[in-house]
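All remarks here apply to the structure that follows.
Coordinate-derived values only; no laboratory data. Keep in mind that what you see is a predicted model, and the values were worked out from it rather than measured. Positions of Cβ are backbone-derived with ideal geometry, glycine not excepted, and every protein chain shown enters the neighbour counts.
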Amino acid sequence: MYLIISIGFIGCFDLDTAFILRFTPLYLSAIVLVLRLCFLGVVFSLAAGLLCALFRYYRVPVLSPLSGVYIELSRNTPLLIQLFFLYFGLPRVGIRFESFTCAVIGLTFLGGSYMAEAFRGGLEAIGVNQIEGGLSIGLSRTQLIRYVVLPQALSVAMPSLGANVLFLLKETSVVSIIALADLTSVAKDLIGMYYKTNEALTMLVAGYLLLLLPLSFLFRFAEKRLRYGEHGV
């Protein structure tokens, strides 16, 4: 184990620093694109997931079974297939979206189902006595959801929501299939043109670590804060 680590560490000194510095701006541009995709995908996924979770939790006629069908369809098809359908399939019937729009729709469609299940787990963790207590003091259904149900559900669901955000961020690595210059696309192009595999892959890994590690720490902090507030310690 230590031998492997040592060889990898020594190998870092064989990297072409000039090449890395030359093409760092390309990776930074790709990081900005990934952040835009992830931000929009996560925002829309949270909205879609919360609605689906509420529909299923309150067993809303028609909408609840439709939400169930959507969740099963979304979770059992890869993002790559969804992107193929959006970018190459829909134009066959006269519906066309730009690459960026297709990527956002695909991430939303995929992420919404995972967010829905995370929210549903949080909602089902709330005791019946909490609901009855809120109704007994005269809270309306909207007030009950806003002040009683959602804060507690969010606290329970936070670990799953954080994991889903990181999952969606990593899933952006396949959007290059619809001609978007994400991190993976930049790395593949540089390897194909300059054969600098080690340098290109090192920058690829560094780019994703730069994106994922801060988010991971942020969600851990948010989870601790929610737990802290919940227990009032």
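Miscellaneous remarks
- Separation in nanometres of the label points that stand 7 Å from Cα toward Cβ, at GLU223 and PHE167: 1.4
- Mean Cβ neighbour count within 10 Å, used as a protection proxy, ranking 65-72, 188-195, 81-88 highest first: 81-88, 65-72, 188-195
- Region 106-233: relative contact order as a whole-number percent, Cα under 8 Å and 6+ apart: 26
- Ranked packing of 103-110, 20-27, 180-187, 33-40, most packed first, by mean Cβ within 10 Å: 103-110, 180-187, 33-40, 20-27
- Overall, region 119-227 carries a charge dipole of about 300 debye about its Cα centre when +1 sits on the Cβ of Lys and Arg and -1 on the Cβ of Asp and Glu, all other atoms neutral.
- Tilt relative to the chain, helix 99-124 - C-alpha long axis, 0 to 90 degrees, to 10: 40
- C-alpha long axis of helix 2-11 to longest principal axis of the chain, angle in °: 60
- Over the chain, Cα pairs under 8 Å with separation of 6+ residues give a relative contact order of 27 percent.
- Each Lys and Arg Cβ is given +1 and each Asp and Glu Cβ -1; about its Cα centre, region 45-176 then shows a dipole of about 180 debye.
- Between helix 17-57 and the chain: long-axis angle, C-alpha atoms, 0 to 90°, nearest 10: 20
- Furthest towards positive pole of dipole, GLY112, PHE217, LEU139, structure part the chain, Cβ charges: LEU139
- Eligible aspartates and glutamates near LYS196 by straight Cα distance, threshold 17 Å, same-chain separation 8 or greater: ASP14, ASP16
- The chain: C-alpha gyration tensor shape, a/c 1.5 cut-off, then a/b vs b/c: oblate
- Basic side chains Lys and Arg get +1 at the Cβ, acidic Asp and Glu get -1 at the Cβ, and with that the dipole of the chain about its Cα centre reaches some 460 debye.
- When each of the peptides 207-213, 139-145 is scored by the mean number of other C-beta atoms lying within 10 Å of its residues, the order from highest to lowest reads 207-213, 139-145.
- Excluding same-chain neighbours fewer than eight residues apart, the aspartates and glutamates reachable from LYS170 by a Cα-Cα span under 14 Å are ASP182.
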